[in-house]
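Input: a single structure, listed below in structure tokens.
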Amino acid sequence: MATENRRTTRGPLGADRGPLLGALLRLAHRSLVVAVGRQLVAAGYEDLQPVHFAATQLLWDHPDGIRLTELAAHARITKQSMGELVDHLEARGYVERVEDPHDRRARLVRFTRKGWGLARRAREAALGVEMDWSSRVGADRIAALRETLRLIVATVGEKDAITKTTARVYPEGKDPSAAR
């Protein structure tokens, strides 16, 4: 009887074996990060670690800049942690802090020329990894995976996840970027 209950609550016996989807996504992501990191080091970007991708990936989509608080919320890390990442990137000339044209009291983080070079190289490396995966398992499968992940992100509400993270980072609900 106990075995029967386990089967009905966990699904078919074979479905509960091996890594779950989240673990597989994490392992694939780790493979991508390691490959991109190696290519960046080979290209001369030896002063970066994978943790810096939390900032650089987001800056690609915000060419005019983004507030530190927004970077932190999107990356799901604290403002202080993102500040340390940005400080590191700024000290090495990859990013700069500039005045927000909509609010002179605020600052935006954006790529410098050197940072855009890094971003283009990282993106090329990531696309190369995707091409490698396509050659291994088939381009149709990678295209289907991309579309499936886009649907999942759209249906689980990425914006809701960001809002919840912002609430965690700013427990009083006083997100300084909300006034924008």
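The values are calculated or read from the model by the stated rules, or taken from the named source; none is laboratory data. Quick caveat: nothing in here was measured; it's all calculated off a predicted structure. Glycine also receives a Cβ, built like all others from the backbone with ideal geometry; neighbour counts cover every protein chain displayed.
A few remarks follow.
- Of the criteria (1) modelled with pLDDT under 95; (2) surrounded by 15 or more Cβ atoms within 10 Å (Cβ to Cβ); (3) in contact with a Leu (Cβ under 8 Å, 6 or more places away or on another chain); (4) not polar (S, T, N, Q), which one P19 fails: (2)
- Test: residue in region 132-148 that is within 18 Å of H52 (Cβ to Cβ) and crowded, with 16+ Cβ neighbours inside 10 Å: no
- Any hit, region 58-74, residues being of a type in the set (A, V, I, L, M) and more than 20 Å from the chain's Cα centre (by Cα): no
- Check on H52, out of contact with any Gly (no Cβ under 9 Å at 6 or more places or on another chain) and assigned to a loop (DSSP other than H, G, I, E, B): no
- The set of residues in region 88-113 being closer than 18 Å to G44 by Cα and surrounded by 15 or more Cβ atoms within 10 Å (Cβ to Cβ) consists of H88, L89, E90, R92, Y94, V95, F111, T112.
- Summed over region 92-147, the residues that are within 20 Å of the chain's Cα centre (by Cα), among the β-branched types (V, I, T) and assigned to a helix (DSSP H, G or I) give a count of 2.
- Count of region 63-83 residues, restricted to those that are in a loop (DSSP other than H, G, I, E, B) and either touching a Gly at 6+ places or on another chain (Cβ under 9 Å) or closer than 10 Å to L108 by Cα (or both), is 3.
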